[in-house]
Amino acid sequence: MIVAEPKPIKELLEMVKDFNRILVVGCKGCVTVCNVGGAKEVAILASSIRISRKKMAQEIEVEEHTLERQCDPEYVDELKDMIGDYDAVISIACGVGPQFLSERYPSSRIFPGVNTQFMGGAEEHGIWSERCAGCGTCVVHYFGGLCPIARCSKSLLNGPCGGSANGKCEISKDVECIWDLIVRKMMEQDRLDELIEFKPPKSWITARDGGPRRMIREELVK
Amino acid sequence: MNDFKPQIVAFCCSNCASSAANVAEGMKKALPDNVKIIQIPCTGRVEILHLLKPFEEGADGVYVAGCQEDSCQYVSGIAKATKRVTHVKKILEELSIEPDRIDVFNLSAGKGQEFVEVAYEMVNKVKELGPFLQA
Ligand code: SF4
Ligand code: SF4
């Protein structure tokens with residue numbers, strides 16, 4: 001899933017300080033699963049804004065709405081009859097949400113309510129970590145099923161580097177050296193020799209380095 | 001010294017806080033009438049939004065009264081509630097509101113006296129802070 005964290009409320013209050021009719025829009029996708037942008041969080045943010053304005057004796061109307069997804073035009077369309085009633089919209093979906101809203105409703109003022117972090121998973125409830133950097137050509141099978149692009153601090157494809165110590169990465173005692181794990185895993189599977197097999201350099205054209213990406217699947221296009 | 005009567009909402013777990021409340025009643029130790037008790041099966045059910053809503057409605061203070069950490073019937077109810085109260089304290093701080101307007105108390109069943117004491121403790125603390133909404 002895409003993992004995000006809430007923006008500090010203070011920052012959000014500052015962003016919308018000149019607006020009195022605010023719409024907070026959540027998303028039932030990834031951000032609901034990582035407890036940052038679903039209906040519950042929409043209600044908490046809306047309530048916090050109301051409390052703050054009440055405290056400052058300022059008028060405010062905050063409406064709450066959560067879409068099935070903010071990254072699909074058919075759901076974004078759902079806002080068409082209401083969005084015009086608000087002078088600011090806070091999207092608490094991942095970074096895709098505020099952009100889809102901005103594109104579909106060009107005259108509305110859209111603000112991002114979360115900081116989108118990474119593609120990852122939940123280690124346990126309340127703890128997430130990064131797993132994929134979206135390089136566009138997955139190669140984890142060469143590395144014992146672990147991704148050195150997303151999980152090695154230097155994205156080395158021929159690690160470990162000299163900074164690896166006791167299974168930890170040189171950047172911090174709290175960061176696992178993924179190359180330590182890769183080597184151990186390959187040893188366990190008796191495949192260590194595969195790591196020294198020659199492989200042509202990885203092409204980064206499919207990654208962000210090739211420019212903004214777009215995908216067309218003819219079999220699905222109407 | 002100050003005749004401000006704060007409005008306080010208390011979320012109380014029915015296992016401890018409420019039996020303590022009964023004891024308190026039996027002992028004729030009256031609760032302050034400006035503390036509104038909301039009885040819940042377990043404090044673990046109290047969510048962040050529940051803790052914020054009273055402020056939105058103009059309450060001056062909120063507290064959660066539940067079991068001791070090691071005697072929650074549902075294992076971790078009060079521990080969860082404590083974390084949520086801490087989180088709401090952070091939210092209040094960000095909203096430039098005194099975080100002391102919310103608190104959590106660990107009580108034991110049968111301790112009626114304690115139940116009444118925490119109610120007064122909270123009332124006095126919030127009284128010091130003054131009204132949440134300045135008239
Ligand atoms: S190799 Fe590329 S696609 Fe596969 S997990 Fe790593 S970053 Fe993601
Ligand atoms: S210590 Fe390990 S994870 Fe850190 S940069 Fe070196 S190889 Fe990568």
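Condition check for A:Ala57 on (1) surrounded by 14 or more Cβ atoms within 10 Å (Cβ to Cβ); (2) within 11 Å of another protein chain (Cβ to nearest Cβ): one failure, at (1).
Restricting region B:13-57 to residues that are polar (S, T, N, Q) and under 19 Å from B:Asp103 (Cβ atoms), the residue that is farthest from the other protein chains (Cβ to nearest Cβ) is B:Ser18. The lone criterion from (1) in a loop (DSSP other than H, G, I, E, B); (2) polar (S, T, N, Q); (3) more than 14 Å from chain B (Cβ to nearest Cβ) left unmet by A:Ser102 is number (1).
If I filter region A:192-213 down to residues being outside any loop (DSSP other than H, G, I, E, B) and not β-branched (Val, Ile, Thr), which single residue comes out as surrounded by the fewest Cβ atoms within 10 Å (Cβ to Cβ)? That would be A:Asp193.
For A:Val3, are the conditions met, namely being farther than 30 Å from A:Ser129 by Cβ and within 20 Å of the chain's Cα centre (by Cα)?
Values: farther than 30 Å from A:Ser129 by Cβ: no; within 20 Å of the chain's Cα centre (by Cα): yes.
Spelling it out, it is not the case that A:Val3 is farther than 30 Å from A:Ser129 by Cβ and within 20 Å of the chain's Cα centre (by Cα).
For region A:69-91, the candidate set comprises residues that are touching a Gly at 6+ places or on another chain (Cβ under 8 Å) and over 13 Å from A:Val16 (Cβ atoms); within that set, the residue that is least open to solvent (accessible area, probe 1.4 Å) is A:Gln70. Among residues of region B:29-52 that are closer than 18 Å to B:Glu117 by Cβ, those with a beta-carbon under 7 Å from a residue that is surrounded by fewer than 16 Cβ atoms within 10 Å (Cβ to Cβ) at least six positions away or on a different chain give the pairs B:Lys29/B:Gln113; B:Pro32/B:Tyr120; B:Asn34/B:Lys5.
When you scan region A:95-116, do you find a residue that is within 16 Å of ligand 1 (Cβ to nearest atom) and closer than 23 Å to A:Pro6 by Cα, even just one? Checking region A:95-116: not a single residue is within 16 Å of ligand 1 (Cβ to nearest atom) and closer than 23 Å to A:Pro6 by Cα.
Working only within region A:36-54, note down all residues that are in contact (Cβ under 8 Å) with a residue 60 or more places away in the chain and within 14 Å of chain B (Cβ to nearest Cβ). Outline the logic, then answer.
Narrowing region A:36-54 to residues in contact (Cβ under 8 Å) with a residue 60 or more places away in the chain: A:36-37, A:45.
Passing the criteria: A:Val36, A:Leu45.
When restricted to residues that are part of a loop (DSSP other than H, G, I, E, B), touching a Leu at 6+ places or on another chain (Cβ under 9 Å) and within 14 Å of chain B (Cβ to nearest Cβ), region A:60-93 contains 0. For the residues A:Arg50, A:Arg131, the requirement of being more than 26 Å from A:Lys10 (Cα to Cα) and either aliphatic (A, V, I, L, M) or modelled with pLDDT of 95 or more (or both) singles out A:Arg131. Checking A:Ser172, A:Ser203, A:Ser164, A:Ser155 one by one, the residue that is of a type in the set (Ser, Thr, Tyr) and in contact with a Pro (Cβ under 9 Å, 6 or more places away or on another chain) is A:Ser155 and no other. Is it true that B:Ala109 is outside any helix (DSSP H, G or I), at pLDDT below 95, more than 13 Å from every other protein chain (Cβ to nearest Cβ) and under 17 Å from B:Lys125 (Cβ atoms)? In short, no.
One residue is enough: does region A:21-32 have a residue meeting the conditions within 14 Å of another protein chain (Cβ to nearest Cβ), assigned to a strand (DSSP E or B) and modelled with pLDDT of 95 or more? Explain how you work it out, then say what you get.
Going through region A:21-32, the residues within 14 Å of another protein chain (Cβ to nearest Cβ) turn out to be A:24, A:26.
Add one more test, that the residue is assigned to a strand (DSSP E or B), and what stays is A:24, A:26.
Right, trim to modelled with pLDDT of 95 or more and you get A:24, A:26.
So far as region A:21-32 goes, yes, one or more of its residues are within 14 Å of another protein chain (Cβ to nearest Cβ), assigned to a strand (DSSP E or B) and modelled with pLDDT of 95 or more.
A Cβ distance below 7 Å, combined with a sequence gap of six or more or placement on separate chains, defines the contacts here; from region A:164-185, residues that are more than 14 Å from every other protein chain (Cβ to nearest Cβ) reach residues that are open to solvent by 70 Å² or more (accessible area, probe 1.4 Å) and within 16 Å of ligand 1 (Cβ to nearest atom) in the pairs A:Gly167/A:Glu176; A:Lys168/A:Glu176; A:Cys169/A:Glu176.
The values are calculated or read from the model by the stated rules, or taken from the named source; none is laboratory data. Keep in mind the model is a prediction, meaning the values are calculated, not measured. Virtual Cβ from ideal backbone geometry, glycine too; neighbours counted across all protein chains shown. In case anyone asks, the SASA skips ligands and DNA or RNA and just uses the protein heavy atoms, side chains included. Shrake-Rupley method; radii C 1.70, N 1.55, O 1.52, S 1.80 Å.
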